[in-house]
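Novice: One structure is given below, represented as structure tokens, and several questions about it will come after.
The values are calculated or read from the model by the stated rules, or taken from the named source; none is laboratory data. In this text the structure is predicted, and so the values were computed from the model without any measurement. Reconstructed Cβ throughout: ideal geometry from the backbone, glycine too, with neighbour counts over all protein chains shown. Please note that ligands, DNA and RNA were not included when accessible areas were found on the heavy atoms of the full protein model with its side chains. Shrake-Rupley method; radii C 1.70, N 1.55, O 1.52, S 1.80 Å.
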Amino acid sequence: MRILLIGSGAREHALARALARDPQTERLVVAPGNPGTAQIATNLELDILDGAAVVAAAHQVEADLVVVGPEAPLVAGVADAVRAAGIACFGPGREAARLEGSKAFAKDVMAAAEVPTALAHVCTTLEQVADALDAFGPPYVVKDDGLAAGKGVVVTTDRAAALAHARTCLAKSRDDDDPTTAGPPAVVVEEFLDGPEISLFCLCDGRDVVPLDPAQDFKRLGDGDAGPNTGGMGAYSPLTWAPTGLTEEVLERVARPVVAEMARRGTPFVGLLYCGLALTSRGLRVIEFNVRFGDPETQVVLPRLASSLAQALHAAATGRLDLLGPLRWRDEAAVTVVVAAHGYPEQVRKGDVISGVEDADGLDSVHVLHAGTARGDGGTLVSAGGRVLSVVGTGPDLEAARAAAYSGVERIGLAGAQHRTDIARARRRTD
């Protein structure tokens, strides 16, 4: 099949790598893509928030399938435009994408579907936030209601810091014509969930659900889960310590009820339901939903997938997951370490020269995925975002995969670069 993949980050590079190696893929176009995807597919400049432009591009490349990677175009309704044009699309429509676009909406869906999650208050004033903080007590969990690129959450024992984050979120300007920011500013204040976190991706076709293997990511900037939240600094899979039957429990208590509830509301969920979970002392709880492949978890889940990714995504997009059959997995582990730019996650410095990518890529069991990169003068590779590269190592077990990933990181040269040194060293607690 001919596939148009929307996006430009390491998640999309990971998807492109898996799709490009898939015998089911005849042609792969990535829009807009990055210097890494340009090596394995055709890049196409495109405004990915413009549904009409995406439809035109899909017609241009005669796409049999459009795969929308990032959350912003999904929340903007790009998948609706593609499906209205009669083209199969992997990704939820605007209304279904509210599961990520609004944490308050996600809480409402979970309540209706009786999905276990943290107790929460949706607040639109600072006074409401203060009351909610006092009701739950520390550690305080304050989340921006809208999209925040994985950086809208503060977990702290400092009440003043929690209030300050809420104040910033509530002060955001909203544009009623922009579906990603429409509505009154709000924050969600939640009870703190103890226990390790797990990410589980579920392919959904509006009725059926097919799970991928779980992974665990590391959100905090520094070793030992120190520093601010980020979009993710690394991940690993499989989770050999996860309880037996965990995936089936998530399907029965979380994914299937949510998909059924969305269908009941007349907004079927077609695409990837990312279940962010905590294994608490009181049992399984949902932390959040995303409506697309997670970054950086995608980078470690897809290298382990032995089944055809193209076939699986097309089956979900066309309502045929019941014909797909169980997915097959390679008996190996994968670890990814994110190399971030100077200043990330705050004021990011761009334009620094990146070296050593080819050296790292040339190592056994290592590949490098581009995230925030660009071509500078003379074709030099330079940093162009906060998270610059994802270095992925694979191996027969977690230690071997971890060693491979860090051997790749050692080859990368980037002034002021940041990375964690403890990815996959121990299971991470909720942050």
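Novice: Applying the selection to the stretch 331-357, what residues are of a type in the set (Asp, Glu) and in contact with a strand residue (DSSP E or B) (Cβ under 7 Å, 6 or more places away or on another chain)?
Specialist: Glu332, Asp352
Novice: Can I ask one more? Just to be sure I understand the filter: pairs with C-beta atoms under 9 Å, separated by 6 or more residues or on different chains, first member in the stretch 218-242 and farther than 16 Å from Thr336 by Cα and not assigned by the TED database to the domain that holds Val391, second member in a strand (DSSP E or B) and open to solvent by less than 10 Å² (accessible area, probe 1.4 Å). Which pairs pass?
Specialist: Thr240/Ala333; Ala242/Ile198; Ala242/Gln216
Novice: Residues that are under 13 Å from Val188 (Cβ atoms), at least 3 per element: which helices (runs of 4 or more DSSP H) completely within the stretch 76-128 meet that?
Specialist: Correct list: 103-113.
Novice: Name the one entry in Thr37, Thr25 that is in contact with a helix residue (DSSP H, G or I) (Cβ under 6 Å, 6 or more places away or on another chain) and buried (at least 24 other Cβ atoms within 10 Å of the Cβ).
Specialist: Unique residue meeting the criteria: Thr37.
Novice: A further question follows. State yes or no: is Gly378 free of Cβ contacts under 8 Å to residues at least 40 places away in the same chain, of a type outside the set (A, V, I, L, M), assigned to a loop (DSSP other than H, G, I, E, B) and on the phi > 0 side of the Ramachandran plot?
Specialist: no
Novice: Shifting gears a bit: Select, from Gly224, Gly266, the only residue that is open to solvent by 10 Å² or more (accessible area, probe 1.4 Å) and assigned to a helix (DSSP H, G or I).
Specialist: Exactly one of Gly224, Gly266 is open to solvent by 10 Å² or more (accessible area, probe 1.4 Å) and assigned to a helix (DSSP H, G or I), namely Gly224.
Novice: Oh, and also: From the list Leu49, Leu5, pick out the single residue that is open to solvent by 10 Å² or more (accessible area, probe 1.4 Å) and either of a type in the set (A, V, I, L, M) or closer than 15 Å to Gly372 by Cα (or both).
Specialist: Leu49
Novice: Here's another thing I want to ask about it. Checking Arg207 against (1) touching a Leu at 6+ places or on another chain (Cβ under 7 Å); (2) at pLDDT 95 or above; (3) assigned to a loop (DSSP other than H, G, I, E, B), only one condition comes out false. Which one?
Specialist: For Arg207, the failing item is (1).
Novice: Let me ask you something else. Among the candidates Val258, Val301, single out the residue that is β-branched (Val, Ile, Thr), outside any strand (DSSP E or B) and either touching a Ser or Thr at 6+ places or on another chain (Cβ under 7 Å) or within 15 Å of Ala14 (Cβ to Cβ) (or both).
Specialist: After ruling out the rest, the residue left standing is Val301.
Novice: Check Ile87 against each of (1) over 18 Å from Met262 (Cα atoms); (2) touching a Gly at 6+ places or on another chain (Cβ under 9 Å); (3) in contact (Cβ under 8 Å) with a residue 24 or more places away in the chain and name the one condition it does not meet.
Specialist: The failed condition is (2).
Novice: Still on this structure, please answer the following. Could you tell me whether the stretch 285-305 includes any residue that is more than 22 Å from Val78 (Cα to Cα) and over 20 Å from the mean Cα position of the chain (by Cα)?
Specialist: Scanning the stretch 285-305 turns up no residue that is more than 22 Å from Val78 (Cα to Cα) and over 20 Å from the mean Cα position of the chain (by Cα).
Novice: Could I ask something else about it? List, please: which pairs have Cβ atoms under 9 Å, are six or more places apart or on different chains, and start with a residue in the stretch 410-423 that is on the phi > 0 side of the Ramachandran plot and end with one that is surrounded by fewer than 14 Cβ atoms within 10 Å (Cβ to Cβ)?
Specialist: From the stretch 410-423, the pairs are Gly416/Gly343; Gly416/Arg349.
Novice: Next question, about the same structure. Output the number of the condition that Lys143 fails; it satisfies all remaining conditions of (1) within 25 Å of Gly385 (Cβ to Cβ); (2) open to solvent by less than 20 Å² (accessible area, probe 1.4 Å); (3) in a helix (DSSP H, G or I).
Specialist: Going through the list (1) within 25 Å of Gly385 (Cβ to Cβ); (2) open to solvent by less than 20 Å² (accessible area, probe 1.4 Å); (3) in a helix (DSSP H, G or I), Lys143 breaks only (3).
Novice: Turning to a different aspect of this structure: Answer yes or no: is there a residue in the stretch 10-22 that is within 29 Å of Val357 (Cα to Cα) and free of Cβ contacts under 8 Å to residues at least 12 places away in the same chain.
Specialist: Checked the stretch 10-22: at least one residue is within 29 Å of Val357 (Cα to Cα) and free of Cβ contacts under 8 Å to residues at least 12 places away in the same chain.
Novice: Before we move on, is Asp359 outside the structural domain of Arg11 (by the TED database), at pLDDT 95 or above and either outside any helix (DSSP H, G or I) or under 23 Å from Val30 (Cα atoms) (or both)?
Specialist: For Asp359, the condition - outside the structural domain of Arg11 (by the TED database), at pLDDT 95 or above and either outside any helix (DSSP H, G or I) or under 23 Å from Val30 (Cα atoms) (or both) - is not met.
Novice: Suppose the filter is out of contact with any helix residue (DSSP H, G or I) (no Cβ under 6 Å at 6 or more places or on another chain), more than 14 Å from Thr230 (Cβ to Cβ), in contact (Cβ under 8 Å) with a residue 40 or more places away in the chain and of a type in the set (Lys, Arg); does Arg320 pass it?
Specialist: Considered against the rule, which asks whether it is out of contact with any helix residue (DSSP H, G or I) (no Cβ under 6 Å at 6 or more places or on another chain), more than 14 Å from Thr230 (Cβ to Cβ), in contact (Cβ under 8 Å) with a residue 40 or more places away in the chain and of a type in the set (Lys, Arg), Arg320 comes out as yes.
Novice: Which numbered condition trips up Glu399, out of (1) within 22 Å of Leu302 (Cα to Cα); (2) in contact (Cβ under 8 Å) with a residue 40 or more places away in the chain; (3) not in a strand (DSSP E or B)?
Specialist: Here Glu399 clears every test but (2).
Novice: Please go through the stretch 325-347 and pick out each residue that is surrounded by fewer than 16 Cβ atoms within 10 Å (Cβ to Cβ) and farther than 27 Å from Val382 by Cβ.
Specialist: Gly325, Pro326, Arg328, Trp329, Arg330, Asp331
Novice: While we're on this one: Taking the stretch 52-75 as the region of interest, how many residues are buried (at least 22 other Cβ atoms within 10 Å of the Cβ) and part of a loop (DSSP other than H, G, I, E, B)?
Specialist: 3
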